[in-house]
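Beneath this line is the structure, given in C-alpha cells, with notes to follow.
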Amino acid sequence: MRPTQITANKSDATLRITWDTGRTVDYPFYQLAAACKCAACNDERARLSAEGKAFVPKSAVLEAIEPVGSYGINILWKDGCRYGIYTWDSLAALA
Ligand SMILES: [Zn+2]
C-alpha cells in the first residue's frame, strides 16, 4: 500500500492517511510516537520490555513531517524523537 494523501490534524492530534486502496486511516499521534523505531526508542523499548513495563514515548506533539525517499516519512516530535522513520509498510501494519 502507498498513501495518496497525508494530512496532519494538530487539533485532533491525528495523522490521516488515505491509502491507494481507498481506505482512510486516522493515526493518533500518541500511537505513532509509541511506535517510533529510532535507535533510542528501540533500546528503551527493549529495556522496559525486559522489566515487563510498557514503553511511553517522550513526546507525542508533532512538529513536522518529512518525506523519506519514496518509501516513508520521518516524523519530528517536539521535544522528542527526530529520527524515527515510518515506512509505508510499518504504517499499514499499525492501521
Ligand atoms: Zn524514537
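None of the figures in this text is laboratory data; all of them are computed from the coordinates on show. In this text, all values refer to a predicted model and were calculated from it rather than measured experimentally. Don't worry about glycine lacking a Cβ; one is built from the backbone with ideal geometry, like all the others, and counts go over all protein chains shown.
Quick notes on this one:
- Averaged over residues, the count of other Cβ atoms within 10 Å places the peptides 26-32, 54-60, 5-11 in the sequence 26-32, 54-60, 5-11, highest first.
- Karplus 3J(HN,Hα) series, Hz, for segment 51-61 with 6.51 cos²θ - 1.76 cosθ + 1.60 (x for Gly, Pro): 8, x, 10, 8, 6, 10, x, 5, 8, 10, 9
- Selection of GluC sites (Glu not before Pro), segment 41-95, meeting DSSP coil and at most 16 other Cβ within 10 Å: 51
- The slack in the chain from residue 76 to residue 58, taken as 0.36 nm per residue of separation less the alpha-carbon distance, amounts to 5.3 nm.
- Only alpha carbons enter this Debye calculation for segment 1-82, each as an equal point scatterer, and the log10 of I(q)/I(0) it gives at q = 0.11, 0.26, 0.27 Å⁻¹ is -0.33, -1.26, -1.31.
- For segment 36-46, putting each phi into the Karplus relation 6.51 cos²θ - 1.76 cosθ + 1.60 with θ = phi - 60° gives couplings of 3, 9, 5, 4, 5, 5, 4, 5, 5, 4, 5 Hz, in residue order, rounded to whole numbers and with x for Gly and Pro.
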